[in-house]
Amino acid sequence: RYLKQNWIYFSGSFYYISTTEKSWQDSRIDCWGRGADLIIIGSKEENFQKRVWIGLSDRQIEGRWIWLDGSALRKSFWYPGEPNNDGDREDCAEMKFFNKENSWNDAPCTNKYFWICEKKTGV
Ligand code: 2F8
Ligand code: CA
């Protein structure tokens, strides 16, 4: 169903960058269909220059940001002032290009953005 194309290899993982926009949950479901999940970011080098959903949320406990694999947030690249839970309804993390670098913002999970799937190669 999904052609295994448009995957980018970088440092032990394959990445797929979407060409359409979906909610955070629908983005995850798309990644699952590709044998992947939303991107988990461990270093600055893994950032991308698009406004995209990443695999980080505080949907379980407000203010406790965890990656989809359950790992704690070690390095973070929040834009200054974020996450701010604006309107008390921002539980999903998006990444966007601000001031010459990629930074994160918390946004409503129902917003529709592009997304990045990550498939680890197991090395
Ligand atoms: O100023 C930062 C603020 O900007 C927007 O709210 C006005 C963002 N909202 C969306 O992207 C939906 C906030 O998340 C962001 O904190
Ligand atoms: Ca925010």
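Points to keep in mind about this one:
- Residues that are modelled with pLDDT under 90 and within 17 Å of D69 (Cβ to Cβ), drawn from the stretch 16-51: I41, G42, S43, E46
- Selection within the stretch 64-123: residues that are within 16 Å of ligand 2 (Cβ to nearest atom), of a type in the set (S, T, Y) and without any contact (Cβ under 8 Å) to a residue 60 or more places away in the chain. The member of this set that is nearest to S23 (Cα to Cα) is S103.
- Here is the figure for the stretch 76-123: residues that are charged (D, E, K, R), modelled with pLDDT of 90 or more and not in a strand (DSSP E or B) total 7.
The values are calculated or read from the model by the stated rules, or taken from the named source; none is laboratory data. The model shown is predicted, which means the values in this text are computed figures rather than measured ones. A quick note on method: Cβ atoms are made from the backbone with ideal geometry, for glycine too, and the neighbour counts reach across all protein chains shown.
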